[in-house]
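See structure below.
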Amino acid sequence: MTNNLWLQMSGAIAGGLVGSLAGFLANIIRSRLEFRRHRHSVASALVGELQALREHVTDHYLVRLERIAGPSAQPFPYHLFRGERDYMPIFRSLGESIGYLPSPLPRDLAFWYTGFAVCLERAHELNDLARQNDPGCLEAALELAVLQRSELVELMDSVSDLLCRLAEQADKLTI
């Protein structure tokens, strides 16, 4: 009788240990997959936003700045890119979620977006100068346009590396 009781108790203990271990492992695997899905979502969203920003700035805004600061400089025009809107809503909404990305990617993203925010402030200032239509402001506006163009070209060149690294993180999701 005690032998049978001992077998039942040891079976229950072994079953409990195996069940607990299986639950523990399943929880670890689920957490890991959830982390990877979140990383994939963050990277994919940022890739979309960065590509849209790069295309808009390169195809529209830099073309206008080239006409202003280029060899055949034209009068400083009023342009539609005022820098007043929030052109980076995805980055702002993700907040601390960029921390899911591997280091140094969050730092590099913050650095790029800070540089873009500075360019937006400069675009707003250029727009204000253009609205004034004051001949005295033309020289300052042209200098600012040249600076804006050079910094935006550098920023748009550096976004390619960020896009590649983000796309790599988005592609790492394997289930």
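The values are calculated or read from the model by the stated rules, or taken from the named source; none is laboratory data. These figures come from a predicted structure and were not determined experimentally. Cβ: placed from backbone, ideal geometry, glycine included. Neighbour counts: every protein chain shown. Side chains included, ligands, DNA and RNA excluded: accessible areas come from the protein's heavy atoms. Shrake-Rupley method; radii C 1.70, N 1.55, O 1.52, S 1.80 Å.
Being β-branched (Val, Ile, Thr) and touching a residue at least 12 places away in the same chain (Cβ under 8 Å) is the filter; apply it to region 8-49 and report the residue that is most open to solvent (accessible area, probe 1.4 Å).
Kept after step one, since they are β-branched (Val, Ile, Thr), are these residues of region 8-49: 13, 18, 28-29, 42, 47.
Narrowing the set further to residues that are touching a residue at least 12 places away in the same chain (Cβ under 8 Å) leaves 42, 47.
On the way: Val42: 3, Val47: 24 Å².
If we take residues in region 8-49 being β-branched (Val, Ile, Thr) and touching a residue at least 12 places away in the same chain (Cβ under 8 Å), then Val47 is most open to solvent (accessible area, probe 1.4 Å).
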Every residue in region 83-117 that is modelled with pLDDT of 85 or more, more than 14 Å from Ala45 (Cβ to Cβ) and among the hydroxyl-bearing types (Ser, Thr, Tyr), please. Ser103, Thr114
So in region 129-166, with the set limited to residues that are at pLDDT below 90 and in contact with a Cys (Cβ under 9 Å, 6 or more places away or on another chain), which one is most open to solvent (accessible area, probe 1.4 Å)? Leu129
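Do you know which residues across region 93-118 are touching a residue at least 40 places away in the same chain (Cβ under 8 Å) and part of a helix (DSSP H, G or I)? Step through it out loud before you land on a result.
In the first step, residues of region 93-118 are kept if they are touching a residue at least 40 places away in the same chain (Cβ under 8 Å); the result is 94, 97-98, 100-102, 105, 108-109, 112, 115-116.
Within region 93-118, Leu94, Ser97, Ile98, Tyr100, Leu105, Asp108, Leu109, Trp112, Gly115, Phe116 meet the criteria.
Within region 120-147, how many residues are under 21 Å from the mean Cα position of the chain (by Cα) and touching a residue at least 40 places away in the same chain (Cβ under 8 Å)? Don't jump to the end; show me each part of the working.
Quick first cut of region 120-147, residues under 21 Å from the mean Cα position of the chain (by Cα) only: 120-123.
Cutting the leftovers down to touching a residue at least 40 places away in the same chain (Cβ under 8 Å) gives us 123.
Number of matching residues: 1.
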Test set (1) open to solvent by less than 90 Å² (accessible area, probe 1.4 Å); (2) at pLDDT below 75 - Gln74 fails condition number: (1)
From the list Leu62, Leu33, pick out the single residue that is under 19 Å from Ser160 (Cα atoms) and either out of contact with any strand residue (DSSP E or B) (no Cβ under 6 Å at 6 or more places or on another chain) or modelled with pLDDT of 85 or more (or both). Leu62
Counting only residues that are within 27 Å of Ser103 (Cβ to Cβ), not charged (D, E, K, R) and not in a helix (DSSP H, G or I), region 124-175 contains a total of 3
